[in-house]
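K.L.:
Can you read through this structure? Questions will come right after.
The values are calculated or read from the model by the stated rules, or taken from the named source; none is laboratory data. The structure presented is a predicted model; accordingly, all values stated were derived computationally and were not measured. As a convention, Cβ positions derive from the backbone with ideal geometry for all residues, glycine included, and neighbour counts pool all protein chains shown.
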């Protein structure tokens, strides 16, 4: 039911009636406050416990630690953990895992690894979730070497290959699950080590763990990143044969791979296939296809696909808008780009600096400097501040239209607007004086 606020109200009534609490009651109340995001009230209850001579339990500290981690107050959580152990309470696996997850989530990878070592040093054997949490954090931060080093440090012989390290983990009774394998397969694929990823997949199968859709998606993405589209297609076919239904991420990854390889016909063939059989194409699928069409000069097809996207009920996101604006300008369709920008403004979509920069660049290149200047001054009216790239584009446009004084004034105003010029801006200015 989780009616935490109701429980708190009941405790207030109990207080008024003069009924005394025991440590079970206090723990429940602390948990309710933590779940409601009022960790401060939770600590007030702890203070009341101590004042009344009620000794907190391990559950009391665990509840407060969980509440602090949920609010990303990791340093405070670690302090409570230290106090808990100093008082002689033995943290359980849930407490260790909660702090470990919090440290990883906040980017404190080194501290998380040290905390894991603390668990081991206290003869508290971390489980597969603890190891997977560290591996996931390392891999997501692109630290594949560190992830492999981490594996090798877990009482294993040092090996360069991920597959050997995994074998040694098994030999040392460190359990592996689908999450651990998928994390490493994904990291290996992103590093271009596809053959090692495939070896890891084979070893995973030998241990009776079947890959899931996320594992297969990692392999598909790995092949696409290496422009190995035929191999990616074979993985897709293998998924279907193994009874693992591809999802929209799988298909969108494939379509993006075909687009990057300028194989638009095959991308469209796959798009039509999923449009008829499912899964339903999402905004990422449409964005990838439209960008490819613009890059290949197929403007009418891109616009037609955009209309189909709207008809299907998909709502354009900021990336969609940038792709369309940029594509229309770069293919010389200035009127259509301006019309689309106006439609974006009228739709109520919150626009960031991106569309304005693309529009300004296109207008300057087309010689419409007055419209570009007007657009620049509209930024403050819409609560936006020009970035260094926006300044550079406009300054360059002013020089091209032989308006050096205005260019110099705009350049001089950058510092006043907390946007110091970069090397590109100085280069534009120097070129303008020559």
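K.L.:
Test each condition in (1) out of contact with any helix residue (DSSP H, G or I) (no Cβ under 7 Å at 6 or more places or on another chain); (2) surrounded by 17 or more Cβ atoms within 10 Å (Cβ to Cβ); (3) assigned by TED's automatic domain parsing to the domain that holds residue 298 for residue 368 and report the one that comes out false.
P.N.:
(3)
K.L.:
Only one of 327, 297 is exposed (fewer than 13 other Cβ atoms within 10 Å of the Cβ) and assigned by TED's automatic domain parsing to the domain that holds residue 283; which?
P.N.:
So the residue among 327, 297 that is exposed (fewer than 13 other Cβ atoms within 10 Å of the Cβ) and assigned by TED's automatic domain parsing to the domain that holds residue 283 is 297.
K.L.:
Here are 65, 94, 99, 80: which of them is assigned to a helix (DSSP H, G or I) and at pLDDT 85 or above?
P.N.:
Numbers: 94 fails: at pLDDT 85 or above; 99 fails: at pLDDT 85 or above; 80 fails: at pLDDT 85 or above.
Among 65, 94, 99, 80, only 65 is assigned to a helix (DSSP H, G or I) and at pLDDT 85 or above.
K.L.:
What's the number of the only condition in (1) in contact with a helix residue (DSSP H, G or I) (Cβ under 7 Å, 6 or more places away or on another chain); (2) outside any helix (DSSP H, G or I); (3) within 30 Å of residue 379 (Cβ to Cβ) that residue 284 fails to meet?
P.N.:
Unmet condition: (2).
K.L.:
Is it the case that the stretch 315-326 has a residue that's over 19 Å from residue 293 (Cα atoms) and in contact (Cβ under 8 Å) with a residue 24 or more places away in the chain?
P.N.:
Looking for residues that are over 19 Å from residue 293 (Cα atoms) and in contact (Cβ under 8 Å) with a residue 24 or more places away in the chain, one finds at least one in the stretch 315-326, hence yes.
K.L.:
Within the stretch 266-287, restricting attention to residues that are more than 25 Å from the chain's Cα centre (by Cα) and within 18 Å of residue 319 (Cβ to Cβ), which residue is surrounded by the most Cβ atoms within 10 Å (Cβ to Cβ)?
P.N.:
Initially, the stretch 266-287 is screened for residues more than 25 Å from the chain's Cα centre (by Cα), giving 266-278.
When the remaining residues are screened for being within 18 Å of residue 319 (Cβ to Cβ), the result is 267, 271.
Details: 267: 24, 271: 22.
Across the stretch 266-287, the extreme among qualifying residues is 267.
K.L.:
Shifting gears a bit: Can you name every residue in the stretch 378-397 that is assigned to a helix (DSSP H, G or I) and either under 23 Å from residue 427 (Cα atoms) or modelled with pLDDT of 80 or more (or both)?
P.N.:
Filtering the stretch 378-397 for residues assigned to a helix (DSSP H, G or I) gives 378-381, 388-397.
Of everything in the stretch 378-397, those that are assigned to a helix (DSSP H, G or I) and either under 23 Å from residue 427 (Cα atoms) or modelled with pLDDT of 80 or more (or both) turn out to be 388, 389, 390, 391, 392, 393, 394, 395, 396, 397.
K.L.:
Right, here's the next one. Need the failing condition index for residue 243 against (1) part of a helix (DSSP H, G or I); (2) more than 28 Å from the chain's Cα centre (by Cα), just the number.
P.N.:
All conditions pass for residue 243, except number (1).
K.L.:
Here is a follow-up. Please state which of the following conditions residue 420 fails to meet, knowing it meets all the rest: (1) touching a residue at least 12 places away in the same chain (Cβ under 8 Å); (2) part of a helix (DSSP H, G or I); (3) out of contact with any helix residue (DSSP H, G or I) (no Cβ under 6 Å at 6 or more places or on another chain).
P.N.:
Checking residue 420 against (1) touching a residue at least 12 places away in the same chain (Cβ under 8 Å); (2) part of a helix (DSSP H, G or I); (3) out of contact with any helix residue (DSSP H, G or I) (no Cβ under 6 Å at 6 or more places or on another chain), the one that fails is (2).
K.L.:
Would you say residue 341 is assigned by TED's automatic domain parsing to the domain that holds residue 324 and crowded, with 18+ Cβ neighbours inside 10 Å?
P.N.:
Details: assigned by TED's automatic domain parsing to the domain that holds residue 324: yes; crowded, with 18+ Cβ neighbours inside 10 Å: yes.
Yes.
K.L.:
Taking only the stretch 60-97 into account, find how many residues are crowded, with 19+ Cβ neighbours inside 10 Å and either closer than 16 Å to residue 42 by Cβ or touching a residue at least 40 places away in the same chain (Cβ under 8 Å) (or both).
P.N.:
15
K.L.:
Just to be sure, is residue 118 modelled with pLDDT under 80, out of contact with any helix residue (DSSP H, G or I) (no Cβ under 7 Å at 6 or more places or on another chain) and either more than 30 Å from residue 9 (Cβ to Cβ) or in a helix (DSSP H, G or I) (or both)?
P.N.:
Values: modelled with pLDDT under 80: yes; out of contact with any helix residue (DSSP H, G or I) (no Cβ under 7 Å at 6 or more places or on another chain): yes; either more than 30 Å from residue 9 (Cβ to Cβ) or in a helix (DSSP H, G or I) (or both): yes.
Considered against the rule, which asks whether it is modelled with pLDDT under 80, out of contact with any helix residue (DSSP H, G or I) (no Cβ under 7 Å at 6 or more places or on another chain) and either more than 30 Å from residue 9 (Cβ to Cβ) or in a helix (DSSP H, G or I) (or both), residue 118 comes out as yes.
K.L.:
Still on this structure: Under 9 Å by Cβ, and 6 or more places apart or on different chains, what pairs join a residue from the stretch 130-149 that is in a loop (DSSP other than H, G, I, E, B) with one that is modelled with pLDDT of 70 or more and surrounded by fewer than 20 Cβ atoms within 10 Å (Cβ to Cβ)?
P.N.:
141/107; 141/109; 142/190; 142/191; 143/109
K.L.:
Still on this structure, I have one more. Quick test of your reading of the structure: residue 246 fulfils all but one of (1) surrounded by fewer than 17 Cβ atoms within 10 Å (Cβ to Cβ); (2) within 25 Å of residue 189 (Cα to Cα). Name the failing condition by number.
P.N.:
(1)
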